[in-house]
Amino acid sequence: MRAPVESENLRACPSYPGYYADEKGGVFSDKARNGRNKNGQLRQLKPVLNVCRGYWACSLRIGGVTKTVTVHHLVLDAFVGPRPHGMECRHLDGNKENNRLENLRWGTRSENERDKIAHGTDHRGEKHHAANLTWQQVEQIRREYRRHTPGFMQKDLAKKLGVSRRTVEKVLNNRTWQRR
């Protein structure tokens with residue numbers, strides 16, 4: 001089997017021998033499928049969208065073991081190099097499905113979190129899947145608790161809003177719903 005020649009828009013992934021990526025987010029393999037590989041040509045892999053996380057991924061066969069790897073990691077591995085320790089992939093436009101090289105960078109967790117806030121793709125507050133309150137209700141809890149006498153109970157606020165006393169306590173102690 002001959003190895004393909006690398007071009008400007010197709011490069012080998014050093015961390016994943018036998019796999020290649022292009023600048024547009026395509027992933028290719030020189031490995032035989034079902035024991036056949038016509039003339040040693042590359043075949044394009046069909047990525048699958050991970051419904052829970054929202055990233056495109058491909059199944060790679062490495063050393064007899066199948067491993068699922070996200071497309072953005074393969075593109076960065078091929079063009080920038082293996083992931084540095086403590087770094088993660090950043091999608092500069094906030095679109096998890098855009099795996100073009102110009103949209104990807106290795107960055108720190110805090111850079112990635114700042115990007116999510118800037119793009120509005122973070123899952124904080126009302127956007128969180130387990131949110132029981134809205135920002136309006138959180139502000140109401142804080143306002144009413146400050147306004148009432150020391151005998152006023154958190155359970156009264158909780159009952160009024162239909163949430164647990166613990167939820168109200170976490171809001172008042174800034175363990176959830178930190179001020180924006």
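The values are calculated or read from the model by the stated rules, or taken from the named source; none is laboratory data. Predicted model only: the values in this text are computed from it and were never measured.
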Specify the residue that is nearest to Glu97 (Cα to Cα); the eligible residues are those in segment 53-74 that are in a strand (DSSP E or B) and charged (D, E, K, R). Lys67
Scanning segment 143-180 for residues that are of a type in the set (Ser, Thr, Tyr) and modelled with pLDDT of 80 or more, which turns out farthest from Leu133 (Cα to Cα)? Ser164
